[in-house]
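Presented below is the structure to which this report refers.
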Amino acid sequence: MARTILIVDDSASMRQVVAFTLRQAGFAVLEGANGQEALHQLGSQRVDLIVTDLNMPVMDGITLIRNVRGKPNTRAIPVLMLTTESQDAKKQEGKAAGATGWIVKPFHPEKLLQTIARVLP
Amino acid sequence: MTVWTKLISMLGGMRKRRLVELAEEVAGHWPHLPTLESQIRESVQHVEKAVTEVCGSFDGMVGRARQSVAAASELLGSDKDSGIESLLAASRHTLGELQHQIERGQQISAQVIGHMQEMESSAGMIVKALAEIDRITFGSKLVALNAKVEAARFGDQGGAFGVVADEIAAQARRSEEITEHVVEQMKQLRTRVSAASRSLDEMAHLSVETLEASRTELESSLSDLDRTHSAMQNTLAASVDAGRQLADEISRAVIGLQFQDRVSQRLTHVADELSEMRKTVHLPLEYLARESPVLGQARREQVGARLESRYTMAAERNVQAGGAPAKEGEIEGVELF
């Protein structure tokens, strides 16, 4: 059975780019346009990993991670930040919130897949 | 008196004139800012939609390419037991079995022909034996005739002897008739066995010739199929390589497509800031417009004309004129001259 990855980004094109890369590697993909939509997906679907943007309307990536880490059934899911943001302060904020890793856009498909392979349980 | 009125009244002639010029300049550009902001946001949306569609197309292209390669692989027998390779092997096996069966049939035919020739030979010997019996019968008839003559010479005393002689003659005739009948039957039997033997021999030779011809033809067809199969395998291998190259190129394209996200973010930041500027600067402008209703009008018209002269697309001119933005994905029509 294919592992399921939830992609969270307010940009439909970025979701499409990431989804394309993941589907080609054999993953099943779920999508959300912000943190709130992602939490809704997590409430009804089994997810093995989350790839999320940082800056999004309604609920940003950091708040999403805090919510994920705060719930027993989602606490252990690895969360990779995929963002144009590269400031150390933001990275530290993400790490403190519970992010598993930080990838700066634009990403190389192979590197994204290698990183996912390393953090998938 | 408002802060602005006080501020302007406090300024000297030269500085006041300069401030008015600046106010003219700002008031001239200001009304165009919403249009520029709208153009930026509209462009961001269009580019995002285009990139989304391109990505969707990539997904479909790669999916269909994979399906084609999988189907070709199955057809060519990469999957064992299901392709042309296994079909070729099965055909060769069947051909071998057929050849073996026909050779076996040929052996049996040769044995049957041998048995028939033995039967024919035995029938010949029987005919010879019957000729001997015929001679013996002829001798018996002569003996019966002599006995009859002797019986007649003895008169009444030889009567009983004459009856025996008659009986021997009758038995000899009966034997002669049976011998003739059996000889006739044996001749027919020899003829039929000989004909059957020849037919079987011809059939056996015909089978071998037909088998040889069919085998040669089938081997030729199988060799052609083999060559075609090899050519198809080479083509498939080339297709697989091309598929890999396509995947690599698409990966590079995927990296390239991400420019859109960065550009969109930057343009959105600019548009957001334009929006903020309009919020914060509108108070002094409104004041200046109240003080001088014609403030910046000439400059505004000048800037408007310049923008309009730069626009090349109907969609841009629509927005500039305060019309609705162009529909997403709208393609302008063809015009023939």
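Observations, loosely collected:
- Residue in the range B:295-305 that is crowded, with 16+ Cβ neighbours inside 10 Å, modelled with pLDDT of 80 or more and not in a helix (DSSP H, G or I) present: no
- Each residue in the range A:12-23 was checked for being surrounded by fewer than 22 Cβ atoms within 10 Å (Cβ to Cβ) and touching a residue at least 24 places away in the same chain (Cβ under 8 Å), and 0 of them qualify.
- Count of the range B:46-64 residues, restricted to those that are within 11 Å of chain A (Cβ to nearest Cβ) and either under 14 Å from the mean Cα position of the chain (by Cα) or basic (Lys, Arg) (or both), is 1.
- B:Glu273 vs. criteria modelled with pLDDT of 85 or more, loosely packed, with under 12 Cβ neighbours inside 10 Å and part of a helix (DSSP H, G or I): yes
Here is a yes/no grid of residues against (1) surrounded by 12 or more Cβ atoms within 10 Å (Cβ to Cβ); (2) farther than 30 Å from B:Val112 by Cβ:
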site: B:Arg153; (1), (2): no, yes
site: B:Asp156; (1), (2): no, yes
site: B:His181; (1), (2): no, no
site: B:Lys187; (1), (2): yes, no
site: B:Arg190; (1), (2): yes, no
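- For the range A:9-18, a residue qualifies if it is within 8 Å of chain B (Cβ to nearest Cβ) and either out of contact with any helix residue (DSSP H, G or I) (no Cβ under 6 Å at 6 or more places or on another chain) or among the hydrophobic types (A, V, I, L, M, F, W, C) (or both), and the qualifying residues are A:Ala12, A:Met14, A:Val17.
- Condition met for A:Ala76 (in contact with a helix residue (DSSP H, G or I) (Cβ under 8 Å, 6 or more places away or on another chain), of a type outside the set (S, T, N, Q) and touching a residue at least 24 places away in the same chain (Cβ under 8 Å)): no
- Matching entry among B:Ser207, B:Ser220, B:Ser251 (being surrounded by 14 or more Cβ atoms within 10 Å (Cβ to Cβ) and without any contact (Cβ under 8 Å) to a residue 60 or more places away in the chain): B:Ser251
- Given (1) within 14 Å of another protein chain (Cβ to nearest Cβ); (2) surrounded by 17 or more Cβ atoms within 10 Å (Cβ to Cβ); (3) over 11 Å from the mean Cα position of the chain (by Cα); (4) not hydroxyl-bearing (Ser, Thr, Tyr), number of the condition A:Gly26 does not satisfy: (2)
- In this entry, B:Asp248 passes the filter for residues that are assigned to a helix (DSSP H, G or I) and under 47 Å from the mean Cα position of the chain (by Cα).
- Evaluation of A:Leu42 against (1) buried (at least 23 other Cβ atoms within 10 Å of the Cβ); (2) among the aliphatic types (A, V, I, L, M); (3) more than 11 Å from every other protein chain (Cβ to nearest Cβ) (one fails), failing number: (1)
- Looking at B:Ser9, B:Ser38, just one residue is among the small types (Gly, Ala, Ser) and either touching a Lys or Arg at 6+ places or on another chain (Cβ under 6 Å) or modelled with pLDDT of 80 or more (or both), and that residue is B:Ser38.
- Matching residues, the range A:85-103, being of a type in the set (A, V, I, L, M) and in a helix (DSSP H, G or I): A:Ala89, A:Ala96, A:Ala97
- The set of residues from the range B:271-288 being charged (D, E, K, R) and closer than 19 Å to B:Arg41 by Cβ comprises B:Asp272, B:Glu273, B:Glu276, B:Arg278, B:Lys279.
The values are calculated or read from the model by the stated rules, or taken from the named source; none is laboratory data. Quick caveat: nothing in here was measured; it's all calculated off a predicted structure. Cβ sites come from the backbone with ideal geometry, for glycine too, and all protein chains shown count toward neighbours.
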